[in-house]
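This report concerns only the one structure given below.
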Amino acid sequence: MPPMVGTEKDNAAQEPGPPDAELVARAQNGDAAAFEELIGRWHEKIYALVYGMTSNREDAQDILQDVFIKAYRSLRRFRGTASFYTWIYRIAVNHTINYRKKRNRRAALSLNEMDDSIEKDPAFVRLQAHQGPRYETSVSELHEKLNKALQTLSEKHRTVVVMHDMEGIPHEEIARMLRCSPGTVRSRLFYARRLLQQELKDYMP
Amino acid sequence: MKCSRFRKETLDAEQLTPECLAHAQECPDCLALFEQGLALRSLLALRKHERIPGDSLDCACRAFRLAAAESFEPAASGLALVLRYGLAGAFMMLLVINFSISPELPAMHPPEPQVRSVAAAPSPSFPGPFLAHSNAEPSGIQYGPLPSSLVNFNY
């Protein structure tokens, strides 16, 4: 399973240095260095989320920058009722959806490189064993197929799959970020997985 | 256990609880769904092996610094605005003060019309009619053919 994002308290415990709330308070008082520390802390997770939704690294890079700029400009309005990461994830999801709407296109795939460690991943090894040497799947083929399958989903279904199955965010947290009920999240997840199973049936047992 | 409950309970499950296992043994559809879900999740999890571009942090920080620098510009233009409105206000104040301390000026009225009687009015003197020179012939000028005179051909 992918690493869990967890609550802000968990993240504060994982990250060395001051908690998010303190950095946010400092950034709200004009401390740009504090905000840069927040960027350093969250950029990978936001990038993974945005890239998961777009399957396009250039778009993901652009959106990542926009998200932090947008967050900085609206930081004064952040009252701390939700955790910083819930707030910035919400900005990221909304901005990504709007970005794609504006572009009005099914983004062409522009994929990140795969790490060599994938070949040792038990899931990949199982897949190779299941398919047999004749149909041995290459990493790049699987990579492309996975991303293409994700792009067949609607924005709201893809968002939930990326957040839960890739980023490991719990249903309740996703519900808070997307401002819907946990039941809606579960039902979207169920539906999206069924569609993905159809798309990826060649790789299924 | 109903299928709907099984599906709800195993949506994110890695392993089946005894109750779910009992249902799965009775319902092959639910078991197949569970196994496929498990396989799909492990397949999707492979995306975690994608490398995040090394320059993503630098790019984000650079863009942020630019934006932060721009966000200071409104402060500078805010100062310019304060100066502009301050000057305008000071000008208005000066005008008000100028009017409040200046001596009272006589009221401005339109000049009263002068009434003159017709009798007192001087009678207009008109010059005599101007006659242009008449077409009378000036003396000494003769019009028409000259009178004939004798010519001495013997000369």
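The values are calculated or read from the model by the stated rules, or taken from the named source; none is laboratory data. Source: prediction; values computed, not measured. Using ideal geometry, Cβ is built from the backbone for each residue, glycine included, and neighbour counts are taken over all protein chains shown. Side chains included, ligands, DNA and RNA excluded: accessible areas come from the protein's heavy atoms. Shrake-Rupley method; radii C 1.70, N 1.55, O 1.52, S 1.80 Å.
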Checklist entry - What are the residues in region A:65-107 that are in a loop (DSSP other than H, G, I, E, B), of a type in the set (A, V, I, L, M, F, W, C) and either within 9 Å of another protein chain (Cβ to nearest Cβ) or under 18 Å from the mean Cα position of the chain (by Cα) (or both), if any? => result A:A107
Next on the checklist: If A:W42 meets every condition in (1) within 11 Å of chain B (Cβ to nearest Cβ); (2) at pLDDT below 90 apart from one, which number is that one?
Outcome noted: (2)
Checklist outcome for this item: Considering residues that are away from every other protein chain (no Cβ under 11 Å), hydrophobic (A, V, I, L, M, F, W, C) and assigned to a helix (DSSP H, G or I), the number found within region A:156-205 is 6
Next on the checklist: Can you go through A:A123, A:A60 and tell me which one is at the interface with chain B (Cβ under 9 Å from one of its Cβ atoms), of a type outside the set (K, R) and touching a Gly at 6+ places or on another chain (Cβ under 9 Å)?
Outcome noted: A:A60
Item to check | Count - residues of region A:67-104 that are among the charged types (D, E, K, R) and either open to solvent by less than 80 Å² (accessible area, probe 1.4 Å) or not assigned by TED's automatic domain parsing to the domain that holds A:L23 (or both) | outcome: 2
Item to check | Filter result for A:R194 (among the basic types (K, R) and touching a helix residue (DSSP H, G or I) at 6+ places or on another chain (Cβ under 8 Å)) | outcome: no
Next on the checklist: Kindly evaluate A:A25 against the criterion of being more than 21 Å from B:L57 (Cβ to Cβ), touching a Gly at 6+ places or on another chain (Cβ under 9 Å), assigned to a helix (DSSP H, G or I) and not β-branched (V, I, T).
Outcome noted: yes
Item to check | Unique residue being modelled with pLDDT under 70 and open to solvent by less than 100 Å² (accessible area, probe 1.4 Å) when the list is B:P129, B:P74 | outcome: B:P74
Checklist outcome for this item: Over region A:167-187, the set of residues closer than 15 Å to B:R41 by Cβ and open to solvent by 50 Å² or more (accessible area, probe 1.4 Å) is A:R186
Checklist entry - Which members of region B:34-70 meet the condition of being more than 7 Å from chain A (Cβ to nearest Cβ), open to solvent by 60 Å² or more (accessible area, probe 1.4 Å) and in a helix (DSSP H, G or I)? => result B:D58, B:R62, B:R65, B:L66, B:E70
Next on the checklist: Of the residues A:H143, A:H157, A:H164, only one is outside the structural domain of A:V50 (by TED's automatic domain parsing), open to solvent by 20 Å² or more (accessible area, probe 1.4 Å) and in contact with a helix residue (DSSP H, G or I) (Cβ under 9 Å, 6 or more places away or on another chain); which?
Outcome noted: A:H157
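Go over the candidates B:L31, B:L46 one by one and state the one that is within 30 Å of B:C3 (Cβ to Cβ) and at pLDDT below 85.
Values: B:L31 fails: at pLDDT below 85.
Criteria check complete, one pass: B:L46.
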Item to check | Subset of region A:57-73 (residues that are closer than 15 Å to A:N98 by Cβ, touching a strand residue (DSSP E or B) at 6+ places or on another chain (Cβ under 9 Å) and not acidic (D, E)) | outcome: A:A60
